[in-house]
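The values are calculated or read from the model by the stated rules, or taken from the named source; none is laboratory data. Values in this document were obtained by computation on a predicted structure and should not be read as measured data. Neighbour counts are summed over all protein chains in view; Cβ atoms, including those assigned to glycine, are modelled from backbone coordinates with ideal geometry. For accessibility, only protein heavy atoms count, side chains too; no ligands or nucleic acids. Shrake-Rupley method; radii C 1.70, N 1.55, O 1.52, S 1.80 Å.
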Amino acid sequence: GDGFPRFNANPKQFQADKRFTVEIGKTAGKGLVAINNKRKPLDDVRVRRAIAHAIDRKAVIEAAADGFGTPIGSFYVPGAPGYVDLTSVNAYSPDKARALLKEAGIDKLELTMKLPPTPYARQGGEVVAAMLAKVGITAKQENVEWAQWLSGVYGQKAYDLTIISHVEPLDFGNFARPGYYWNYESAKFNELWGKINATADRAQRDKLMAEAQKLVADDAVMAYLYQPTWITVAKAGVKGLPKDMPIFVNDLSILSWG
């Protein structure tokens with residue numbers, strides 16, 4: 001094997017070695033802390049915003065992805081049609097997080113955080129839990145296997161928080177899906193999504209997509225973390241390896257039913 005696409009270890013050692021080339025491409029993936037929007041007190045937007053404000057995306061990228069990733073502020077990635085940078089919405093601010101919790105009447109909060117077996121989830125979970133602790137939220141980390149994640153989190157919605165990477169490109173319609181595992185219901189979003197689907201004009205559609213991104217950022221449906229990169233390490237001189245990947249071959253692509 002002269003090429004290692006989807007390289008999971010830290011490629012820095014290869015970058016320093018003249019015998020190898022390292023390509024770092026973008027993916028359609030969205031790494032995030034998903035939140036069960038119907039569970040009390042997570043049904044209060046102030047509490048969800050507090051969770052997002054408590055998290056330093058750059059530190060999560062260092063811990064979960066060896067520093068390779070682009071921060072995102074909504075459920076959309078740079079390079080997707082109509083992308084807008086919303087990282088300033090619910091940006092890292094422990095003070096703001098504490099103030100929002102106080103405003104929501106919460107003194108201390110205990111939540112469970114279910115972590116699937118991928119390194120980004122387990123390593124990211126450690127860091128996220130430590131950040132949440134600083135604002136008075138105890139997130140109890142619970143390691144689960146994929147089968148448990150699929151039945152418990154995705155199926156039964158028996159969770160408070162989970163760390164996951166959504167990898168299908170252009171899967172924004174999940175916010176309009178009734179009974180989806182985030183438990184997000186918004187008449188405003190559904191109306192907007194209907195408009196987007198009925199709009200053929202590219203510029204108009206991009207404008208509406210920007211609105212949709214802003215709405216789910218403001219609603220803090222989840223804490224949006226980063227766009228993972230696709231790292232390919234190859235022997236110097238190997239040509240023709242794809243650099244950007246539209247879709248990962250594992251993780252959440254198992255969930256693209258109907």
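Some notes on this structure:
- Shape of segment 80-233, Cα gyration tensor, a/c cut at 1.5: prolate
- Take T70: with every protein chain present and a 1.4 Å probe, its accessible area is about 40 Å².
- Members of K58/K108; K114/K134; K58/K157 lying beyond 21 Å, as alpha-carbon distances in this model show: K58/K108; K58/K157
- Here's the picture: charge each Lys and Arg Cβ at +1 and each Asp and Glu Cβ at -1 in segment 94-214, and of G124, A158, G136 the one pushed furthest to the positive end of that dipole is G136.
- Cβ-defined net charge surrounding D95, 12 Å radius [Lys, Arg +1; Asp, Glu -1]: +4
- Summary of the geometry: segment 101-130 and segment 155-175, compared by the centres of their Cα atoms, lie 16 Å apart.
- Cα-based shape type of segment 74-147, given that a ≥ b ≥ c are square roots of the gyration tensor eigenvalues and the cut on a/c is 1.5: oblate
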